[in-house]
Amino acid sequence: MVKGNFPSFIPKTDQPRIQNMKRNWEDKLRFENWEISEKLDGSSMTVYVRYLEVDGNLQVERGVCSRNLDLKYDVNNSFWEAAIKQELHHRIASTGRSLAIQGELIGEGIQGNSYKYFGRKFYCFDIYDIDNQCYLLPLERHRLLNELNIDSVPVVYMNTHFESLSIDDLLKEAEGKSAMSAKPKPEREGLVFKSMTDRDLSFKVISNKWLILND
């Protein structure tokens, strides 16, 4: 049930892979502090609330999106079901701001449910300020998620610094067991690095071990 294409006022959820970044990334690593979170094996999901002034009247637009599409309201749709169950629109609206929360939907019927999760649940990895057209920085995001009682994807390191890391070092760092609760815990898909100070600097590192296991 498709409402339309992904909204033009929100960026799609897609981090560049480290192997595809320009070579100056090595210099950036030495001068940045990072939030490093686990990349969950699920489906990309965006939930947004946007306030619009139309003919002098304030209107509220609410939506739920998959990776590429804006979805029609449907309680039987997995994405809408999770948004309704977790009261995500209500929580966003309580801020009085036009925001999009972006994250991963995991659970039954989603990517093989590698975490053996009962039901389905949304975990946030980004918050986008629609009016100011920018992402919140990690500390801003975590502060707001705590206020709204919305779960974040697992954070492996916060505000950490590296003198230098090669691609091989990063690939090795990406390997490890997931922080999610399945027993035995599955291999994590990889890691996502986000700068603590630069809203536009982020990348993902996919675990080679996970790629082999899921080939």
Open item on the list: Name the single residue that is nearest to Leu99 (Cα to Cα) among those in the stretch 111-142 being under 17 Å from the mean Cα position of the chain (by Cα) and of a type in the set (Asp, Glu).
Closed with: Asp129
TODO: Restrict the check to the stretch 158-171 and report whether at least one residue is among the aliphatic types (A, V, I, L, M) and closer than 24 Å to Phe9 by Cβ.
DONE: no
TODO: Looking for whichever is within 13 Å of the chain's Cα centre (by Cα) and touching a residue at least 12 places away in the same chain (Cβ under 8 Å) here; the options are Leu105, Leu88, Leu69. Which one fits?
DONE: Leu105
Task: Top-ranked residue in the stretch 72-100 [being of a type in the set (A, V, I, L, M, F, W, C) and within 23 Å of Phe118 (Cβ to Cβ); ranked as surrounded by the most Cβ atoms within 10 Å (Cβ to Cβ)] - done: Ala83
Task: Residue count, the stretch 157-166 (criterion: open to solvent by 40 Å² or more (accessible area, probe 1.4 Å) and modelled with pLDDT under 90) - done: 4
- [ ] Out of the residues in the stretch 170-202 that are among the hydroxyl-bearing types (Ser, Thr, Tyr) and farther than 20 Å from Gly107 by Cα, state the one that is surrounded by the fewest Cβ atoms within 10 Å (Cβ to Cβ).
- [x] Thr197
Task: Residues of the stretch 200-209 that turn out to be over 13 Å from Arg17 (Cβ atoms) and assigned to a helix (DSSP H, G or I), as a count - done: 1
- [ ] Go through the stretch 161-206 residue by residue and tally those that are under 17 Å from Phe125 (Cβ atoms) and among the polar types (S, T, N, Q).
- [x] 3
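The values are calculated or read from the model by the stated rules, or taken from the named source; none is laboratory data. A quick note: this is a predicted structure, and the numbers were derived from the prediction, not measured. Cβ sites come from the backbone with ideal geometry, for glycine too, and all protein chains shown count toward neighbours. Ligands, DNA and RNA are excluded from the accessible area calculation, which covers all protein heavy atoms including side chains. Shrake-Rupley method; radii C 1.70, N 1.55, O 1.52, S 1.80 Å.
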